[in-house]
1. Scan region 384-400 for residues that are closer than 18 Å to Ser370 by Cα and either assigned by TED's automatic domain parsing to the domain that holds Ser248 or surrounded by 21 or more Cβ atoms within 10 Å (Cβ to Cβ) (or both) and jot them down.
2. With respect to Ala429, determine if the residue is farther than 27 Å from Glu279 by Cβ and without any contact (Cβ under 8 Å) to a residue 60 or more places away in the chain.
3. Give Thr125, Thr157 a once-over and let me know the one that is modelled with pLDDT under 90 and out of contact with any Gly (no Cβ under 8 Å at 6 or more places or on another chain).
4. Which of the helices (runs of 4 or more DSSP H) contained wholly in region 21-122 include at least 2 residues that are crowded, with 22+ Cβ neighbours inside 10 Å and touching an Asp or Glu at 6+ places or on another chain (Cβ under 9 Å)?
5. Looking at region 404-418, I want the residues that are outside any strand (DSSP E or B) and have a partner that is hydrophobic (A, V, I, L, M, F, W, C) with Cβ atoms under 8 Å, at least 6 apart or on another chain. Which pairs are those?
6. Kindly evaluate Ser293 against the criterion of being surrounded by 17 or more Cβ atoms within 10 Å (Cβ to Cβ), more than 19 Å from Asn243 (Cβ to Cβ) and of a type in the set (S, T, N, Q).
7. For region 151-207, give me each residue that is without any contact (Cβ under 8 Å) to a residue 60 or more places away in the chain and more than 26 Å from Ser98 (Cα to Cα).
8. Tally up the residues in region 193-213 that are within 19 Å of Leu245 (Cβ to Cβ) and touching a helix residue (DSSP H, G or I) at 6+ places or on another chain (Cβ under 8 Å), please.
Amino acid sequence: MLDEETAANLPGNDLGYLDALLAKMRQRADYPAIFWRGQEYSYSALSQGIDAWAGRFGEMGIGRGSVCGVLGDYSPQVCSLIFALMKTGAIFVPFTHSAAAQIPELSSLAGVEILFRFDESDGWTTERFEHPNIAPESRRLVSKFLEREHPGLVVFTSGSTGRPKGILHDCEMVLQKFSMERTAYRTLLFLLMDHFGGFNTLISIVAYGGTAVIPGNRGPEEVCRIVEQGKVELLPITPTFLNLLLASKCYQQFDLSSVKLITYGTEVMPEATLSRISEIFPSARLQQTYGLSELGVLRSKSRESNSVWVQIGGQGFETKVVDGMLHVRSQSAMVGYLNAPSPFDAEGWMNTGDMVEVDGEFMRILGRQSDVINVGGQKVFPVEVETILLAADNVVEASVHGVPHALMGSIVAAQVSLEQDEDPIQLKARLRKICLAQLANYKVPVKFSIVPSAELHSDRGKKIRSAAE
């Protein structure tokens, strides 16, 4: 962590935000930038890595406006390459191995010219692409963007309801949020690099002079191990992962006392999970975050450490609630979709699709409008039912969704994973009784099914609510 005198003497933004960030990295030369596989790499080593990559780009034909894919996970070489591509003014398109089958489609959508493939030992190879059939709207958006002479980032939506959307960001606009000095932490890089939140985490670590602690995988045991080994202070995590951590009880096997702050986002936090995490990490502050790939990550402040009420916004962001729906206007919003119409209105506002309650300056995020279950005209938010189920004995994870019904439109169904085997009939009766004592009748699940925990979350640590009935 930087001392006050060193932080005060760091360069300002007389140049571009990226240039100022790179200058800060050089001045922090001896501070640890990366912790990977038990070894620390200094900011000096990171800067040297950036220069080494930039020196190769000429003979590789990579320059301003080149569209470059990167397949892998965070590592010293990958982190250096990311900053080198930005320094060169290229457009960076991250991929992870779990999405490798989609690379031909997504590379064509983004117009990737060269793909860097990294293996587990941080070695790399390259592959060239030609895409003669890039959609005209994608070409127009990228061509217009290149006039800015800024580095770019392309990330993709999940595509769970159709073809993934390519989201183009201006890296200079993303970096402006990090121009002010803030607390530096040893931070776990939990979110994957093809997730905007993962990119945001990496930039925030480097901008504030922290240390990026890179896990071997995102399972509970490995995360606990690397927290202990890397003395992690900040955990940016998902609510679903926290449920997995609670179920695994791995936190009992490792020293996690270094953790000072746990931030959680990407999905709604069940109050039952938040309460239990507060007990396990009594010395850590819990803070809800909020962001969308199209808008960036907003500043946030939880009303209390164990509260699901949060204040969001901050410099560069504006919020408003219309008919219970959150709308956001952002200075660092995406340039646009590569393959879809703009979601912004004429004044730059985007309907996030998240339904909220408001209490003064604070709001409570209830869930996505698309997840709401309509039972005979009454709205049911899955997270309120999941919170009740997660507090029940023997329930490790719960996922609630709607099932079509001829008379009611939909009925509520729940999938649960259990710590120990239990008779399904007795389980249903027990859980319905618990729900009836705390919820209106129409919110109580009619159907229950027992499934393995792995079926209720994705490899990104997010809850899955779709289910075959």
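1. Of everything in region 384-400, those that are closer than 18 Å to Ser370 by Cα and either assigned by TED's automatic domain parsing to the domain that holds Ser248 or surrounded by 21 or more Cβ atoms within 10 Å (Cβ to Cβ) (or both) turn out to be Val385, Glu386, Ser399, Val400.
2. Numbers: farther than 27 Å from Glu279 by Cβ: yes; without any contact (Cβ under 8 Å) to a residue 60 or more places away in the chain: yes.
Spelling it out, Ala429 is indeed farther than 27 Å from Glu279 by Cβ and without any contact (Cβ under 8 Å) to a residue 60 or more places away in the chain.
3. Details: Thr125 fails: modelled with pLDDT under 90.
Only one candidate passes the filter, namely Thr157.
4. 76-88
5. Met408/Val375
6. On the way: surrounded by 17 or more Cβ atoms within 10 Å (Cβ to Cβ): yes; more than 19 Å from Asn243 (Cβ to Cβ): yes; of a type in the set (S, T, N, Q): yes.
Yes, satisfied.
7. Met180, Arg182
8. Qualifying residue count, region 193-213: 1.
The values are calculated or read from the model by the stated rules, or taken from the named source; none is laboratory data. Bear in mind that the values here come from a model prediction, so they are computed numbers and not experimental data. Don't worry about glycine lacking a Cβ; one is built from the backbone with ideal geometry, like all the others, and counts go over all protein chains shown.
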